[in-house]
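The values are calculated or read from the model by the stated rules, or taken from the named source; none is laboratory data. The shown structure was predicted, so the numbers you read here are calculated from the model rather than taken from an experiment. Positions of Cβ are generated from backbone atoms using ideal geometry, with glycine treated the same way; all protein chains shown enter the neighbour counts.
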Amino acid sequence: MQRGYEPVESPDETTVFPYHDLTPPTTRDVFRARRTVDRYLPETPLVRDEWLSAELDADVYLKREDTLPTGAFKVRGGVTLVANLDPEFHKHGLVAASTGNHGQSVAYAGRTFDVPVTICVPEDANPKKVEAMEQFGARIEFAGSDFDEARERAEELATERPYRYVHSANEPALLAGVATSGLEIVEELPEIDVCFAPIGGGSCASGYCLTIGELLDAEVVGVQSAQAPAMYHAWTDGHLEAHDTMETTAEGLATRVPFAVTMELLRERLDDFVLVDDSATLAALREAFVQSRVVMEGACATCVAAALEQSEELRGKTVVLPVTGRNISTEKFGALLSE
């Protein structure tokens, strides 16, 4: 069997290959990506949330990315990347690592464009997300105890076989695709003051920096779990080193390694970066369902928690919170509601 590609020098602690472009996308790239996203995916609703608006004495809107076919925002990036994939990768296919939503994005795009997909997931990955990836046609390989160990296995596979490794963040096309959510918000609600965005690998926050931040000069605030603060420390301390703390229950934020391309964008454009304790996130997740009947994952509930903690600063403002995904496990959600 034909061997894979040899890695090239990487600016961070992940593996990159010759086909990876590490130039951050621009707002112009996001407008180009919009043409692809509009062809394959529906626009998502922007809905005023009455509970949060009353709690914060502000106008609070939820960007309902959970209504996309995979139940999460990342499919915008997968479709954009695979729609423009070099033909040489169509035969052997794609490999990626994921705790779930990135994997579903790549799997959905692979099915859409008839490209085979392999996803490496942690051994304790959310079973519903794994099932969804399989339904989209992906082959699943369980590897390691967390996302970073699964990522290392995916990178290893990309050296063994001629797969196209779809990095979680060091992919300009993926980031531009994700950012199209921000263009939809700009068109519908140009009077935004503040937008919160969860940060795991940084693709969501980078997208809002390129759109809401760039076009409206609105404040973009990144939010990460205090139990998994790798990107936060990279942003505040100016490095790309791995962090030894990764104990969050929010699987979408569960990474120990910061990524170069998103970090470059965030350092240039992100207005603020805050940490939220998992206990506050879980309380916000529960209240969002009880008060607004919105089912969300822990990653996006960090934004609700952060907004509630900054209620004084947000009074009277127009605020956007993205519901980045709905794919919380049945067991975790049930246990949370029963508390």
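Of note:
- Only a single criterion out of (1) of a type in the set (Phe, Trp, Tyr); (2) within 20 Å of residue 257 (Cβ to Cβ); (3) not assigned by TED's automatic domain parsing to the domain that holds residue 125 is not satisfied by residue 208, namely (2).
- Condition met for residue 248 (in a loop (DSSP other than H, G, I, E, B), under 28 Å from residue 329 (Cβ atoms), in contact with a Lys or Arg (Cβ under 9 Å, 6 or more places away or on another chain) and assigned by TED's automatic domain parsing to the domain that holds residue 309): no
- Meeting the requirement of 3 or more residues that are over 24 Å from residue 246 (Cβ atoms), the helices (runs of 4 or more DSSP H) wholly within the stretch 263-323 are 278-292, 311-314.
- Annotation for the stretch 3-24: at least one member residue is under 30 Å from residue 317 (Cβ atoms) and touching a Leu at 6+ places or on another chain (Cβ under 8 Å).
- Contact map, the stretch 68-84: first residue more than 14 Å from residue 38 (Cα to Cα), second residue surrounded by fewer than 24 Cβ atoms within 10 Å (Cβ to Cβ) and among the aromatic types (Phe, Trp, Tyr), Cβ cut-off under 7 Å, separation 6 or more or different chains; pairs are 82/113.
- Matching residues in the stretch 276-286 - criterion: being surrounded by fewer than 17 Cβ atoms within 10 Å (Cβ to Cβ) and either among the hydrophobic types (A, V, I, L, M, F, W, C) or touching a residue at least 24 places away in the same chain (Cβ under 8 Å) (or both): 277, 286
- Annotation: residue 88 fulfils all but one of (1) in contact with a Gly (Cβ under 7 Å, 6 or more places away or on another chain); (2) among the acidic types (Asp, Glu); (3) assigned to a helix (DSSP H, G or I); the unmet one is (1).
- Residue in the stretch 56-73 that is within 21 Å of residue 141 (Cβ to Cβ), of a type in the set (S, T, N, Q) and buried (at least 16 other Cβ atoms within 10 Å of the Cβ) present: yes
- Residue 129 falls short on exactly one of the conditions (1) out of contact with any Leu (no Cβ under 9 Å at 6 or more places or on another chain); (2) modelled with pLDDT of 95 or more; (3) crowded, with 24+ Cβ neighbours inside 10 Å; (4) not assigned by TED's automatic domain parsing to the domain that holds residue 182, and that condition is (2).
- Residue satisfying all of: in the stretch 249-275; hydroxyl-bearing (Ser, Thr, Tyr) and either buried (at least 24 other Cβ atoms within 10 Å of the Cβ) or more than 16 Å from the chain's Cα centre (by Cα) (or both); farthest from residue 20 (Cα to Cα) among these: 255
- Residues in the stretch 208-234 that are closer than 21 Å to residue 281 by Cβ and in contact with a helix residue (DSSP H, G or I) (Cβ under 6 Å, 6 or more places away or on another chain): 208, 220, 222, 223, 224, 225, 227, 228, 234.
- Within the stretch 222-247, the residues that satisfy the criterion of being under 16 Å from the mean Cα position of the chain (by Cα) and surrounded by fewer than 24 Cβ atoms within 10 Å (Cβ to Cβ) are 229, 232.
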